[in-house]
Amino acid sequence: MDIEHRIGTLERRQRRVVIALCLAVVALASLAGYQATAIRALQTATSLRLKELRIADDKGVDRVIISGRLPNLIYEGKPVPGPPRAMAGMLIYDGSGAERGGYGTADGYANALLTLDSKDAQEFLLLAEPGGGALFREWQGDNSVTLAADDKPSLTLKAGKDVVFAMPQGNEWVTKTLH
């Protein structure tokens with residue numbers, strides 16, 4: 001093989017390498033442009049559509065759940081058996097995983113409600129009826145305060161089963177219980 005033939009072969013290889021490198025540079029520039037556009041789209045997103053969002057602490061314990069279908073009650077870190085809750089909203093949990101309250105709207109009758117819970121029971125309820133009217137209820141053990149504002153506003157204070165105060169006398173909360 002003579003030197004001219006070898007030089008010609010090397011020149012053809014060099015051209016192929018230069019063309020391949022140019023194509024690679026164009027491909028990398030295109031990919032970089034696409035990624036920059038995708039990152040810009042993420043930074044300027046105005047809407048995020050999810051079925052559920054869970055916020056966990058450093059130990060992996062769920063502390064906040066926002067969901068279109070709230071999970072069952074969590075007691076001592078374990079779900080309480082039963083049908084799923086028919087409501088959407090937000091639940092808050094303490095560091096042990098116990099549910100401590102929530103905010104949401106119920107399916108069906110569509111009450112809007114806010115609850116605050118101890119580790120063992122619901123302690124506070126604020127409820128708004130879909131057609132108007134509201135209820136405030138606070139418990140500590142068997143003691144309760146109920147304030148209702150609807151067709152006939154009422155206030156009822158109970159110490160256990162004993163009615164301490166009721167206005168008007170004999171309102172529905174004198175005999176009705178929520179717990």
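Side notes on the structure shown:
- Members of region 136-179 found to be touching a helix residue (DSSP H, G or I) at 6+ places or on another chain (Cβ under 9 Å) and within 17 Å of ASP117 (Cβ to Cβ), listed by number: ARG137, SER144
- Test: residue in region 150-160 that is under 23 Å from ILE55 (Cβ atoms) and assigned to a loop (DSSP other than H, G, I, E, B): no
- Some residue of region 105-125 being buried (at least 16 other Cβ atoms within 10 Å of the Cβ) and over 19 Å from LEU147 (Cα atoms): yes
- Failed item, numbered, when ASP162 is tested on (1) surrounded by fewer than 12 Cβ atoms within 10 Å (Cβ to Cβ); (2) over 21 Å from the mean Cα position of the chain (by Cα); (3) on the phi > 0 side of the Ramachandran plot: (3)
- Taking residues in region 147-167 that are touching a residue at least 24 places away in the same chain (Cβ under 8 Å) and within 19 Å of LEU125 (Cβ to Cβ), and partners anywhere that are of a type in the set (Ser, Thr, Tyr) and in a strand (DSSP E or B), the pairs with Cβ atoms closer than 8 Å and at least 6 places apart or on different chains are ALA148/SER154.
- Residues considered: VAL17, VAL61. Of these, the only one that is among the β-branched types (Val, Ile, Thr) and in contact with a Gly (Cβ under 9 Å, 6 or more places away or on another chain) is VAL61.
- Considering residues of region 68-104 that are among the hydroxyl-bearing types (Ser, Thr, Tyr) and in contact (Cβ under 8 Å) with a residue 24 or more places away in the chain only, the residue surrounded by the fewest Cβ atoms within 10 Å (Cβ to Cβ): SER96
- Unmet requirement for ARG85, which otherwise passes all of (1) at pLDDT 90 or above; (2) assigned to a loop (DSSP other than H, G, I, E, B); (3) in contact with a Pro (Cβ under 8 Å, 6 or more places away or on another chain): (1)
The values are calculated or read from the model by the stated rules, or taken from the named source; none is laboratory data. Please read all numbers here as calculations on a predicted model, not as lab measurements. Glycine also receives a Cβ, built like all others from the backbone with ideal geometry; neighbour counts cover every protein chain displayed.
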